[in-house]
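Below is one structure, written out as structure tokens; comments come after it.
Derivation of every value follows stated rules applied to the coordinates shown; laboratory data play no part. Predicted model only: the values in this text are computed from it and were never measured. With ideal geometry, Cβ positions are generated from the backbone for all residues, glycine too; neighbour counts draw on all protein chains shown.
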Amino acid sequence: MLVQDIQAQIAELIQENSRGTNALFEAERALAEAEYHLDITEQKAYIKTHGTVADRTALARLEAAEARLERDLRKAEFNRIKQKIKSIETALMALGTQVKLMNVER
């Protein structure tokens, strides 16, 4: 592998990592909004139901199930982006190591 190829890969990974940072922010914002929506939905449902605390809690959780699913999906998206960024950083370190090894061999 040529040094120019490695440099091109590093530049590409840096650019992808930058996009990942923006995507991570957007995913974190979406997760916060989903958690807010879940909290509001669940609390409103709890307030409007009647019965024992256990009954009210169960009914509120049932009514908020869709909001909980949406929150869980946003959390999964957030975690996937974090993992992708970590993979990019690992690839950058590996390429850096390759460059150092190439310099040692010369």
Please list, in order along region 83-91, the HN-Hα scalar couplings obtained from phi with the Karplus expression 6.51 cos²θ - 1.76 cosθ + 1.60 (θ = phi - 60°), rounded to whole Hz, x for Gly and Pro. 5, 5, 4, 4, 5, 5, 4, 5, 5
Integer Hz, Karplus 6.51/-1.76/1.60 couplings in order for region 10-17, x for Gly and Pro: 4, 4, 5, 5, 5, 5, 5, 5
Which ³J(HN,Hα) values in Hz, rounded to whole numbers, follow from the phi angles of region 27-41 under the Karplus curve 6.51 cos²θ - 1.76 cosθ + 1.60, where θ = phi - 60° and Gly and Pro get x? 5, 5, 5, 5, 5, 4, 5, 5, 5, 4, 4, 4, 4, 5, 4
Going by C-beta contacts inside 10 Å, put L69, L92, L13 in order with the fewest on the left. L69, L92, L13
Subtract the Cα-Cα distance of E26 and T52 from 0.36 nm times their separation in residues, and report this length gain in nm to one decimal. 5.4 nm
Computed lengthening from E33 to E12, 0.36 nm per intervening residue step minus Cα-Cα distance: 4.4 nm
Rounded to the nearest whole number, the per residue volume of the convex hull around the C-alpha atoms of region 22-97 in Å³ is 73 Å³
